[in-house]
Amino acid sequence: MNPWRKNPLLYEINTWTWLAGLTARLGRPVHLGAVPDEEWDTLARLGLDAVWLMGVWERSPGGRRVALEHPDLQREYRHALPDLRLADVVGSPYAVHRYRVDEHLGGPAGLAQAREQLARRGLGLVLDFVPNHVAVDHPWITEHPERFVQGREEDLTAHPNDFFRAAGRVYAHGKDPYFPGWTDTVQLDWFEPGLRQAMAATVADIAEMCDGVRCDMAMLLLGSIFGRTWGERVRPVPPREAWSEVIETVRAGRPSFVFLAEAYWDTEWALQRLGFDWCYDKRLYDRLRDGHAGGVYAHLAGVQGDERGLVRFIENHDEPRVSALFDEPRHRMAAALTLTLPGAKLLHEGQMDGARVRLPVQLGRRPEEPANPELHRFYEALLGEVAHPVYHDGDFVLCHRWQRGGTEEHLLGWGWSLGDERRLIVVNLAPERSQGHVRVPWPELAGRTVQLSDLITGERYQRDGGEMTGPGLYVSLGGYGVHVFRVQI
């Protein structure tokens, strides 16, 4: 059984750059075992359930060479970090050399100390598992070549971005079916039985160091996708999905261990059926980014019953910074929407302070950016509210949506209830003022005078419960406005 509370809150930290920032600020080397107590205390005060320390595994020398030489990456580096230095390029954390904590970050002992610090504060620890590929210089290249997808001599000429030569053989770079290969990686063959056993053992080893794994590009291992990607270069699709074998092996020894999937292409439900606790809700992210209220409503209405198994987010290390993508009112609205829905919620380091620079994962230093204190205070108030048990143990319901062709179509509402506690959240997904009625889902309000307290702005209202459950609560919200109401009778 999953030991975390329902609808948990996770916080992603870029471990290398976080420690580099602490080192610069404190004027002394800081590794995972030497992070000051006040830094852990600051994280605990956010009301988190777990911290995802992204990128702790040993960086690959071969991967760093690729990162240094790749011209497109060089342009990304200098865009993010104009004063780029050679030492800033440390290589991708997703080209894993070995599943051992990098000594630069404090090694295994440092991670153990960090985990202990988190546990003292009631926080879990999530680490990465990169199932699709490993670094181009991984020891298995010479020790277990059968565990990789291999090519032919002609592939080196016909597909130079997808294949490379190493140790006298031609290997495929890791890839997904829609893009060229990642040239700092080599593709694992998940239809090879020995590889499945070895990777299940790897995750079991990782499970001794943390409380859960975030599985990179998890859908690439699904038999139908993997078989379509590699065709005749691999065996026929096995009768059992790889994830079933891995998750079953790990949970035989650690039944409470948590699996999170980075998932795209509407594969969330398939991965949940194979044992994943949560999967990325990329469709919600895309519809929020596109700004279409009807699409957001249709998505939320379509996933009721499965929504607690989704991960809601408005940024992470793969996506643009939300403060660069949205203006501040829209940012606040999107944050309130995602953090008050069912499912796991993911916050990204820097998101609360309005960071705007999306840092390439190959860099070990981030630029200095001014913080936005007002945005930070908004997040603190919002996180203080969503720590309430109603959002974790309560019942969620999506409110009736009016579709008369006016501005009310931009309004979305949903509610939470737990005993006498009720919350009503209404958001405006349009940049202009929107007005309309939101029909609340609690018939017991009929015939009562209802007190509405906005827990973000402090405003208070009295309304007739019969109107709220009949024609609906009249709402007028400015562009990208938000109400988070406590509803009392």
- Output the number of residues of the range 85-115 satisfying the condition of being in contact with a strand residue (DSSP E or B) (Cβ under 8 Å, 6 or more places away or on another chain), crowded, with 20+ Cβ neighbours inside 10 Å and on the phi > 0 side of the Ramachandran plot. 1
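When only residues in the range 30-85 that are outside any helix (DSSP H, G or I) and touching a Gly at 6+ places or on another chain (Cβ under 8 Å) count, which is nearest to Gly106 (Cα to Cα)? It would help to see each step written out before you state the result.
Taking the range 30-85 first, the residues outside any helix (DSSP H, G or I) are 30-31, 35-36, 45-60, 70, 81-85.
Filter once more, so that each one left must be touching a Gly at 6+ places or on another chain (Cβ under 8 Å): 31, 47, 49-51, 59-60.
Values: His31: 5, Gly47: 26, Asp49: 24, Ala50: 20, Val51: 17, Arg59: 13, Ser60: 16 Å.
It comes out as His31.
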- Query: Between residues in the range 415-430 that are touching a residue at least 12 places away in the same chain (Cβ under 8 Å) and outside any loop (DSSP other than H, G, I, E, B) and residues that are open to solvent by 10 Å² or more (accessible area, probe 1.4 Å) and of a type in the set (S, T, N, Q), which pairs lie under 8 Å by C-beta distance while being six or more apart or on different chains?
  - Reply: Arg422/Gln488; Arg423/Ser417
- Query: Of (1) part of a loop (DSSP other than H, G, I, E, B); (2) at pLDDT 95 or above; (3) open to solvent by 40 Å² or more (accessible area, probe 1.4 Å), Asp266 satisfies all except one. Which?
  - Reply: (2)
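Where residues in the range 240-263 are part of a loop (DSSP other than H, G, I, E, B) and open to solvent by 20 Å² or more (accessible area, probe 1.4 Å), which of them is farthest from Gly124 (Cα to Cα)? Explain how you work it out, then say what you get.
At the first step, the residues of the range 240-263 found to be part of a loop (DSSP other than H, G, I, E, B) are 240-241, 254-257, 262-263.
Next, only the ones that are open to solvent by 20 Å² or more (accessible area, probe 1.4 Å) stay: 240-241, 254-256.
On the way: Arg240: 31, Glu241: 28, Arg254: 14, Pro255: 15, Ser256: 12 Å.
Looking at the filtered set, the residue picked out is Arg240.
From the list Ala80, Ala24, exactly one residue is aliphatic (A, V, I, L, M) and open to solvent by 20 Å² or more (accessible area, probe 1.4 Å). Which is it?
Working: Ala80 fails: open to solvent by 20 Å² or more (accessible area, probe 1.4 Å).
After ruling out the rest, the residue left standing is Ala24.
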- Task: Name the single residue, out of those in the range 161-173 being in a loop (DSSP other than H, G, I, E, B) and open to solvent by less than 80 Å² (accessible area, probe 1.4 Å), that is nearest to Phe148 (Cα to Cα).
- Result: His173
- Query: List, please: which pairs have Cβ atoms under 9 Å, are six or more places apart or on different chains, and start with a residue in the range 459-470 that is within 15 Å of Arg422 (Cβ to Cβ) and free of Cβ contacts under 8 Å to residues at least 60 places away in the same chain and end with one that is among the aromatic types (Phe, Trp, Tyr) and open to solvent by less than 70 Å² (accessible area, probe 1.4 Å)?
  - Reply: Tyr461/Phe485; Gly465/Trp442; Met468/Trp442; Thr469/Trp442
- Item | Residue among Leu383, Leu359 that is of a type outside the set (Lys, Arg) and in contact with a Gly (Cβ under 6 Å, 6 or more places away or on another chain) | Leu383
- Message: Scan the range 270-279 and tell me whether some residue there is over 18 Å from the mean Cα position of the chain (by Cα) and assigned to a loop (DSSP other than H, G, I, E, B).
- Response: yes
- The listed residue being surrounded by 18 or more Cβ atoms within 10 Å (Cβ to Cβ) and on the phi < 0 side of the Ramachandran plot, out of Val213, Val237: Val213
- Query: How many residues are in a helix (DSSP H, G or I) and touching a Pro at 6+ places or on another chain (Cβ under 9 Å) if we restrict to the range 203-225?
  - Reply: 6
- Message: Please determine whether any residue of the range 65-77 is open to solvent by less than 10 Å² (accessible area, probe 1.4 Å) and touching a strand residue (DSSP E or B) at 6+ places or on another chain (Cβ under 7 Å).
- Response: yes
- Message: Six or more apart or on different chains, Cβ atoms under 9 Å: show the pairs whose first residue is in the range 65-78 and closer than 19 Å to Thr17 by Cβ and in contact (Cβ under 8 Å) with a residue 60 or more places away in the chain and whose second is open to solvent by less than 40 Å² (accessible area, probe 1.4 Å) and hydroxyl-bearing (Ser, Thr, Tyr).
- Response: Ala67/Tyr77; Ala67/Ser92
- Conditions: (1) open to solvent by 60 Å² or more (accessible area, probe 1.4 Å); (2) touching a residue at least 40 places away in the same chain (Cβ under 8 Å). Ala207 meets all but one. Number of the miss? (1)
- Message: Contact list please: Cβ distance under 7 Å, first residue in the range 46-64 and open to solvent by 10 Å² or more (accessible area, probe 1.4 Å), second residue among the charged types (D, E, K, R), pairs at least six apart or on different chains.
- Response: Asp49/Arg5; Glu58/Arg98; Glu58/Arg100; Glu58/Asp102; Arg59/Asp102; Pro61/Asp137
- Is at least one residue of the range 433-444 farther than 22 Å from His410 by Cα, hydrophobic (A, V, I, L, M, F, W, C) and either out of contact with any Lys or Arg (no Cβ under 6 Å at 6 or more places or on another chain) or open to solvent by 30 Å² or more (accessible area, probe 1.4 Å) (or both)? yes
- Task: Go through the range 374-410 and count every residue that is within 24 Å of the chain's Cα centre (by Cα) and in a helix (DSSP H, G or I).
- Result: 16
- Message: Given the condition part of a strand (DSSP E or B), at negative phi, among the basic types (Lys, Arg) and touching a residue at least 24 places away in the same chain (Cβ under 8 Å), answer yes or no: does some residue in the range 338-357 qualify?
- Response: yes
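Quickly run through the range 461-481 and pick out the residues that are assigned to a strand (DSSP E or B) and open to solvent by less than 30 Å² (accessible area, probe 1.4 Å).
To start, the set of residues in the range 461-481 that are assigned to a strand (DSSP E or B) comprises 461-464, 473-477.
If the condition is that a residue be assigned to a strand (DSSP E or B) and open to solvent by less than 30 Å² (accessible area, probe 1.4 Å), then Leu473, Val475, Leu477 are the ones that fit.
The values are calculated or read from the model by the stated rules, or taken from the named source; none is laboratory data. Here the structure is a predicted model, which is why all the values come from computation and not from measurement. Positions of Cβ are generated from backbone atoms using ideal geometry, with glycine treated the same way; all protein chains shown enter the neighbour counts. Heads up: the accessible areas ignore ligands, DNA and RNA and are worked out on the full protein's heavy atoms, side chains in. Shrake-Rupley method; radii C 1.70, N 1.55, O 1.52, S 1.80 Å.
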